[in-house]
Amino acid sequence: MSWYRDWFNSEDYLQVYKHRDIVEAETLVKLIQKNTNLSKSSLVLDMACGSGRHSIVFAQKGFKATAVDLSERLISEAKNNAKQANVDIEFIQSDILDLKLEKKFDLVVNLFTSFGYFDTDEENIIVIKKAKDLLKAGGYFIIDFLNKGFLEKNLIPLSTLSENTTTITQKRSINGNRVEKKITIEKDGIIKHFSESVRLYDIDELNNILQSVGFRLLKTFGDFNGNIFEPNSSPRLIIFTQK
């Protein structure tokens, strides 16, 4: 299964997720700053950086940011966004599983549900192990994931958005331990099909994985504003850990 290679490298991906903006990224970065003791010169690694919005905010706040993503298109977009924001970020196009870096980081982040893409738990856990390997002793790893309990109660099976000459239809379902989405984009008479498939982990499963890899659990939040995590009502599962 390599749905993410096609989808994240398409010109349509950012159109579907354009509501995930820099303001949302600023809110999450503020939460991270408030709940860690990082200095402004700290080294930050953004694993699966997408269009670079979180890395840009980190850089604007004085952190030394490195941003990694598999998608050539998203890395190109992120570079352009960083240039417009007048910030210096090291961008690397790489599969996380193949990522090899000499330096170690004070903070590694995996944000906006950039986990659970692979077919097996073993492959997904490699991402967590990679984060630990890239951290300095005492460094922080923060994962921002969907909340399984909330999703199961609030899944929207079908949504359609029409704007100008583009219509985006998204069909969502939970199949076993994965949440899946079928995306159809019709633009100027041309129809494209994409998909998403993410392994669902609840808080206990994720905590067990993090601890088994060697992380110490610190704090858990249920949204970007720092509200307490509620298994059935929080929209996000944000876990702060330390090596």
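The values are calculated or read from the model by the stated rules, or taken from the named source; none is laboratory data. Just so you know, these numbers come straight off a predicted model, no measurement behind them. For neighbour counting, all protein chains shown are included, and Cβ atoms are generated from backbone atoms with ideal geometry for every residue, glycine included.
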Handout entry: Scan of the range 87-118 for residues that are buried (at least 16 other Cβ atoms within 10 Å of the Cβ) and over 28 Å from SER41 (Cβ atoms), ordered by number
Key = THR113, GLY116, TYR117, PHE118
Practice task
Look through ILE191, ILE125, ILE168, ILE209 and report the one residue that is within 23 Å of GLU230 (Cβ to Cβ), outside any loop (DSSP other than H, G, I, E, B) and either out of contact with any His (no Cβ under 7 Å at 6 or more places or on another chain) or not aliphatic (A, V, I, L, M) (or both).
Solution key: ILE209
Problem - Condition broken by ILE156, with the remaining ones in (1) under 28 Å from ASN227 (Cα atoms); (2) surrounded by 17 or more Cβ atoms within 10 Å (Cβ to Cβ); (3) not assigned by TED's automatic domain parsing to the domain that holds ASN225 satisfied - result: (2)
Exercise for the section: Would you check which residues across the range 119-145 are farther than 12 Å from LYS104 by Cβ and of a type in the set (D, E, K, R) and list them? Expected result: ASP119, ASP121, GLU122, GLU123, LYS129, LYS130, ASP144
Completion exercise
The one condition PHE145 fails out of (1) without any contact (Cβ under 8 Å) to a residue 60 or more places away in the chain; (2) assigned to a strand (DSSP E or B) is (1)
Exercise for the section: Would you point out the residue of the range 119-153, among those that are among the basic types (Lys, Arg) and surrounded by 13 or more Cβ atoms within 10 Å (Cβ to Cβ), that is nearest to VAL68 (Cα to Cα)? Expected result: LYS130
Completion exercise
Of (1) assigned by TED's automatic domain parsing to the domain that holds GLU11; (2) closer than 15 Å to ASN147 by Cα, LEU218 satisfies every one except (2)
Handout entry: Near pairs, Cβ below 6 angstrom, 6+ apart or cross-chain, from the range 125-138 (farther than 18 Å from GLU102 by Cβ) to any residue that is of a type outside the set (Asp, Glu) and loosely packed, with under 15 Cβ neighbours inside 10 Å
Key = ILE126/LEU97
